[in-house]
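Data first, discussion second: the structure below is written as structure tokens.
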Amino acid sequence: MKLRYLCALAALLLKLLWWAPVASATPFVFTFAAVPSGAVTGNPGDTVGWGYQLVNTDTLNWFVPTQLNASSFSIGSPDASYFDFPVLAPGATVAAAFNAATHTGLYGLQIFPFALPAMGDNGSFSISGEWWNGDPLAGGTFLQVSDVLLAPLSVAVAATGVPVPGSLCLLALGLSLMWLVQRRRQKGAQFGGALE
């Protein structure tokens, strides 16, 4: 009797599993990359930066980036005002190269004037946004918040082109002071010997 109940229960469970709706994978997918993908280099005082490529791989919904963040920097002052937060239609791709003159791209960094050669930072950019079922600027409806995607970043101070005048001036000042001290000693020795 127990066996009959167990068989009936197993048949019922199989039937429920068979007719249960299959959960589909979420269609809300986009890709994000910082350009260039390798290290960005610059001299002390230069403004360097990254461009980007965003792809909305969803064929039905619109993607709107709403937040951009970056790891902290120790060799320069960051500037996130380059990113234009584009609205991506289904299947759309948007790319922008970094250009400090036109203020376009993803992210800028002004390297400190006192940064030393071979100093650098590594980290990542993170981007997230919202999904809409139509153009958000023309009556679309908000669906959900997107996942957060990361793109690696690397920046380094160039090994060449380091300004030397600052240290050269200090060296010249030090040599001048040493010469003056030596000269005073020599004059002091002359007058000291003459008084005796």
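How big is the equivalent ellipsoid of region 27-157 along its three axes, where each semi-axis is √(5λ) from the Cα gyration tensor, reported in whole Å from largest to smallest? All intermediate terms of the calculation are to be shown ahead of the outcome.
Details: eigenvalues 198, 33, 25 Å².
Output for region 27-157: semi-axes of 32, 13, 11 Å.
Got a sec? How would Trp132, Trp50, Trp179 order by Cβ neighbour count within 10 Å, fewest to most?
Numbers: Trp132 19, Trp50 26, Trp179 10.
Lowest to highest Cβ neighbour count: Trp179, Trp132, Trp50.
All of the numbers you see were taken from the coordinates with simple rules; none came from a lab. Only a predicted model underlies this, so the values are computations on that prediction, with no experimental measurement involved. We place every Cβ from the backbone using ideal geometry, glycine too, and count neighbours over all the protein chains shown.
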